[in-house]
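See below for the structure under consideration.
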Amino acid sequence: MFNRTTRGFGLARSEIVFVCLAALIWASQPAIAGFTAYNDCVGPSSGSAANVTHYSGYLGGGGGFETPSGLLKDFTTGLFTSVTASLTASNVAGSIGVMPSAGTDAYNIFNGIVNLGSSASYNANSNWFYEVVFTGLDPTKSYEFVTTANRNSSSYNGSGSGSRWTKFSIIGADTYTNESSTGVTEVSSDVLKMNTGYNTVLGAIIQWTGITAADGSFKVRSENVGAGGPGDAFKSYGLQGFRLVESDVPTVIPAPGSVLLAVIGLPMLTWVRRSGRGIGA
């Protein structure tokens, strides 16, 4: 039976147990804070969604989007954040790109938001790089960075000398974890390589999570893989777009609700047990 009540509470003992357990579950949930921001690294002509910024280090193509830096926007609210993205490129040229196939990691993150219709690409005769520097980060927050690229030429597939891979590096962060897609090669946790010549079917992403920076800044660089390969030493494709997410750093300090539950709720459970009447009493 569930209709017996405890003195002074007017609740069935089973209801008290339920409330206490619900409070415990609620108190254990992580706080929701921060923002999600997207940037199209090529320009507004590619048709990205509203609240996507268009800062580009590719300054040679015209089209009126050559703004290399600025504040990122919260994609949900459209409000500017305190974080500045500054993009710099060397020896890059424009090249056509395509959104990877539906259901892939890249598609799920960028489709309908950042139109991956163009990309910053290689210079065939010399080294190149395309990088973004983030400043104004909150040292008490944690960040996630995601990027991808896809030239969509099946002749650049695989890992042979005719394929086209890109090296991605995270620089200046204090902590980070590689959470990239299957198919991304980890040289070390801060240096990754990915086939960007034909990323259509795989739809892989470069992703680091748990990024912290005590000085409020870190950098992600895309560049040619060099003589060590795989693929062509110089020919490959850089940042087409990126997502930056800010969130609270996980902590072991219990939430106030958890403390309150420990002081009141758990002794209540003990009392119910010691009363000699179980939940079904």
Distant alpha-carbon pairs in the stretch 35-248 (separation over 28 angstrom), percent: 19
Separation between Cα centres of the stretch 90-155 and the stretch 191-254, rounded to whole Å: 9
The stretch 97-197, dipole about Cα centre (Lys/Arg Cβ +1, Asp/Glu Cβ -1), debye to the nearest 20: 440
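By how many nm would the segment from residue 111 to residue 140 grow when fully extended, if each residue of separation counts as 0.36 nm and the alpha-carbon distance is taken off?
Extra length available between residue 111 and residue 140 comes to 7.4 nm.
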Cut-off under 5 Å, modelled amide H: who pairs with residue 181 long-range: 205, 207
Phi-based couplings in Hz for the stretch 73-88 (Karplus 6.51, -1.76, 1.60; Gly and Pro marked x): 10, 5, 5, 6, 9, x, 7, 6, 8, 8, 9, 9, 10, 10, 9, 9
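Report the full-extension gain for the segment residue 248 to residue 80: residue separation times 0.36 nm, less the Cα-Cα distance, to one decimal in nm.
58.6 nm
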Assigned charges on the beta-carbon of Lys, Arg, Asp, Glu; the stretch 35-248 dipole about Cα centre (debye): 600
Stretchable slack from residue 125 to residue 161, in nm (0.36 nm times residue separation minus alpha-carbon distance): 11.4 nm
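Where a number appears in this text, it was derived from the coordinates with a stated rule and is not lab data. All values derive from a computational prediction rather than experimental measurement. Glycine gets a Cβ as well: all are built from the backbone with ideal geometry, and neighbour counts include every protein chain shown.
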